[in-house]
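Accompanying notes for the structure given below.
Read-outs: derived from the displayed coordinates by stated rules, not from any lab. Not measured: the values here are computed from a predicted model. Please note: Cβ atoms are built from the backbone with ideal geometry, for glycine as well, and neighbour counts cover all protein chains shown.
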Amino acid sequence: MTVRWHITRGEGELTLSRQLPARFDVVASTTLPEGDPLRLAHQIRQDMWRMLKRVRGFSPVVQLTREGDVIRIKAGGRVTTPVAPGLSTKIAALLACPAHRARWVAQAKRSQRRLK
């Protein structure tokens, strides 16, 4: 089975989602230094999925928006069942984790691609 991800690009924005339209039933956000937006989105999506794969009906969505010299990251996704309490807090903790952030930034810096 081939897994396909929808990559929606706009002016200064990139959204990575499993389904269209991308929907945020649960969400958390942060900022990171500029880097390759697609690498960054996939890294965050993978780590979020690893953490939440047991949440029934969860489908990750990552949206990146350029804000000057940083990228605003909105991570979360679609949930087809009632949203469990604390789910946003778990995603926020993932986005705040120094080890994950360092790895994401290192991967994103490996390429010269940037949000336009």
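Structure values in brief
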quantity: Within the range 25-37, considering residues that are in contact with a strand residue (DSSP E or B) (Cβ under 7 Å, 6 or more places away or on another chain) and not in a strand (DSSP E or B), the one farthest from residue 9 (Cα to Cα); calculated: 25
quantity: Residue selected from the range 51-77 under the condition farther than 24 Å from residue 115 by Cα and touching a Ser or Thr at 6+ places or on another chain (Cβ under 7 Å), by the criterion surrounded by the most Cβ atoms within 10 Å (Cβ to Cβ); calculated: 57
quantity: Counted residues, the range 10-24 - those being out of contact with any strand residue (DSSP E or B) (no Cβ under 8 Å at 6 or more places or on another chain) and outside any loop (DSSP other than H, G, I, E, B); calculated: 1
quantity: Boolean, residue 35 is more than 21 Å from residue 81 (Cα to Cα), small (Gly, Ala, Ser) and either exposed (fewer than 13 other Cβ atoms within 10 Å of the Cβ) or in contact with a helix residue (DSSP H, G or I) (Cβ under 9 Å, 6 or more places away or on another chain) (or both); calculated: yes
quantity: Matching residues in the range 69-108 - criterion: being of a type in the set (Gly, Ala, Ser) and in contact (Cβ under 8 Å) with a residue 60 or more places away in the chain; calculated: 77, 88, 92, 96, 108
quantity: Among residues of the range 43-56, those that are part of a helix (DSSP H, G or I) and out of contact with any Leu (no Cβ under 7 Å at 6 or more places or on another chain), counted; calculated: 6
quantity: Every residue from the range 81-116 that is among the aliphatic types (A, V, I, L, M), surrounded by 14 or more Cβ atoms within 10 Å (Cβ to Cβ) and part of a helix (DSSP H, G or I); calculated: 87, 91, 92, 94, 95, 105, 108
quantity: Residues of the range 20-39 classified as of a type in the set (Gly, Ala, Ser) and under 18 Å from residue 109 (Cα atoms), total; calculated: 1
quantity: Long-range neighbours under 9 Å by Cβ, at least six apart or interchain, first residue within 17 Å of residue 93 (Cα to Cα) within the range 15-28, second polar (S, T, N, Q) and surrounded by fewer than 20 Cβ atoms within 10 Å (Cβ to Cβ); calculated: 26/88; 27/88; 28/88; 28/89
